1. As a quick test, which of the pairs 273/380; 80/455; 369/455; 342/455; 159/358 have an alpha carbon distance above 26 angstrom in this structure?
2. Treat every Asp and Glu Cβ in the stretch 176-219 as -1 and every Lys and Arg Cβ as +1, leave all other atoms uncharged, and give the resulting dipole magnitude about the Cα centre to the nearest 20 debye.
3. Using Cα pairs under 8 angstrom and six or more residues apart, how large is the relative contact order of the stretch 359-454, in percent?
4. Per-residue counts of other Cβ atoms within 10 Å, averaged by peptide: what ranking do you get for 332-338, 350-356, 212-218, highest first?
5. Between residue 297 and residue 210, what's the calculated FRET efficiency when r is the beta-carbon distance and R0 is 30 Å? Round to 0.05.
6. Obtain the nm distance between the two label points defined at residue 455 and residue 45 by a simple spin-label model: each point lies 7 Å from its Cα along the Cα-to-C-beta direction.
7. About its Cα centre, what dipole magnitude does the stretch 119-193 give when the only charges are +1 on Lys and Arg Cβ and -1 on Asp and Glu Cβ, stated in debye to the nearest 20?
8. Pop out the ³J(HN,Hα) list for the stretch 77-94 in order, Karplus 6.51 cos²θ - 1.76 cosθ + 1.60 with θ = phi - 60°, rounded to Hz; leave Gly and Pro as x.
Amino acid sequence: MNNKLYGNLIFELSKEGRRGYSLPRFECEKYRIPQSLCREKDAELPECDELTVVRHYTNHSANNFGVDNGFYPLGSCTMKYNPCISEEMASLPAFRDLHPLQPADSVAGAREVCRDLEQLLCRLTGMHAFTLKPYAGAHGELTGLMVIRGYHESRHDDKRTKVLIPDSAHGTNPASAAVCGLEVLEVKSLSDGTVDVEDLKAIIQVQGSEIAGMMMTNPNTLGLFEKNIPEIAKLVHDCGGLMYYDGANLNPMLGACRPGDMGFDVMHVNLHKTFSTPHGGGGPGAGPVGVRAGLEAFFPAVSPYEGNFAVLMRAYAYILSLGKEHVKEVGPLATLNANYIKERLKDLYLLPIEGLCKHEFVFDGLADKSTGVTTMDVAKRLLDYGYHAPTIYFPLLFHESLMIEPTENESKETIDGFIEVMRKIAQEAKERPEELKAAPHLTPIGRVDDVQAAKHPVVTYQQMQHDDN
Ligand SMILES: *Cc1c(COP(=O)(O)O)cnc(C)c1O
């Protein structure tokens with residue numbers, strides 16, 4: 001890419017008076033914005049012709065990496081392929097051009113999509129009712145906790161202000177509890193990452209009457225199935241609490257089991273991790289919340305209308321395009337793919353917890369620690385080979401965590417290609433460790449100083465210009 005021609009920033013390409021587009025003439029005098037509300041000086045916007053703008057952004061986009069460019073084995077965040085059919089359905093003009101204030105009788109089709117999706121989610125999870133309003137997983141957690149609080153309040157059980165959360169939980173769990181005004185009681189994990197039932201018993205014995213509920217993630221943060229759910233659910237129910245299921249990663253469960261059958265009362269699903277939708281850069285998403293019968297009366301209004309409708313459309317299309325038969329293959333395939341990679345690499349990478357994983361698993365860096373090559377070096381080197389890095393240094397249970405999730409979408413050839421490169425990198429670590437420590441070598445930007453970037457981030461254009469001088 002020629003940076004001089006197309007520029008690092010669109011502002012650098014601005015030429016006074018250049019235009020790529022002209023707005024229709026303004027003909028509605030009565031809607032003119034009052035002078036007192038108008039800005040005194042024109043906004044400093046870049047002025048460019050259309051071709052320059054198109055080239056600028058197209059060239060920048062070519063520097064990015066996405067699921068559409070290559071394999072993206074990011075654990076915990078599930079970067080899943082978003083099939084063209086999902087995109088096509090979401091952009092049908094009848095759906096894409098909806099206005100939230102349209103008369104209800106003109107949006108019957110969209111409403112039917114929503115009611116139908118709720119029903120499909122009920123059948124897939126074993127829940128009784130769903131609300132599609134939450135905009136993300138964390139938003140779903142907050143919504144679900146509000147349901148739990150509403151339930152206790154309706155029974156005048158006002159002392160229940162505490163929520164049990166395993167120490168291995170995703171950070172959004174304690175954050176959502178805090179936003180909901182609940183106090184977090186941390187439950188310890190065993191060395192295999194599953195919930196320590198004895199610790200749970202001890203907490204419940206002392207504080208049982210104040211417990212609103214327990215949040216559990218399954219498969220847990222290590223990608224392992226929590227085996228003691230029936231016992232845990234009984235302990236929590238017996239003390240008067242409700243069970244919350246963090247179903248952000250529902251894909252390995254599809255076709256295998258349902259949270260509603262395991263004793264959970266409230267749950268959320270991340271549609272953007274399980275049922276397609278591109279979600280890089282923090283959005284967009286949807287975190288519908290499901291409840292067992294009787295709790296739907298406590299659904300709060302956490303967003304207007306029907307939440308993130310275009311995301312709901314993509315999820316609906318994903319489920320329908322798989323159909324009743326094939327949607328059941330999602331869980332087994334995601335599980336097979338993850339276990340296949342794990343088994344093919346565990347002689348060269350350190351597998352701290354043996355056994356069958358679900359949709360993802362964690363290595364603790366390279367098995368041979370004598371080379372000094374770290375998880376960070378492996379992740380950077382993968383970029384040179386055209387693969388996105390897995391999730392690194394999370395979970396915090398191990399020093400060199402390398403968390404891999406292939407999803408059910410990837411072909412055997414793609415997965416074999418990744419395995420081959422991972423094995424090659426392990427070999428390079430022995431033969432040429434210095435080359436790995438300086439990777440990546442082939443990306444538009446080489447190794448960045450992440451400490452500097454975290455401590456002194458440069459986030460404004462003015463500052464960049466200043467630093468250049
Ligand atoms: C991704 C994730 C969340 C949060 O979902 P967002 O849509 O990012 O808010 C919560 N819990 C788990 C286990 C997750 O993996």
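Every number here is computed from the coordinates shown, using simple stated rules; none is lab data. Worth saying up front: this structure is predicted, and the values here are computed from it rather than measured. Virtual Cβ from ideal backbone geometry, glycine too; neighbours counted across all protein chains shown.
1. In this structure, 80/455; 369/455; 342/455; 159/358 lie more than 26 Å apart at Cα.
2. Roughly 80 debye, rounded to the nearest 20.
3. Working: 112 pairs, mean separation 32.5, N = 96.
Over the stretch 359-454, the number comes to 34 percent.
4. Values: 332-338: 22.1, 350-356: 14.1, 212-218: 25.9.
Going from most to least packed, we get 212-218, 332-338, 350-356.
5. It comes to 0.80.
6. Computed distance between label sites residue 455 and residue 45 equals 4.1 nm.
7. For this selection, approximately 260 debye.
8. My calculation for the stretch 77-94 gives 9, 6, 8, 10, 4, 9, x, 4, 5, 5, 5, 5, 5, 5, 9, 4, x, 5 Hz in order.
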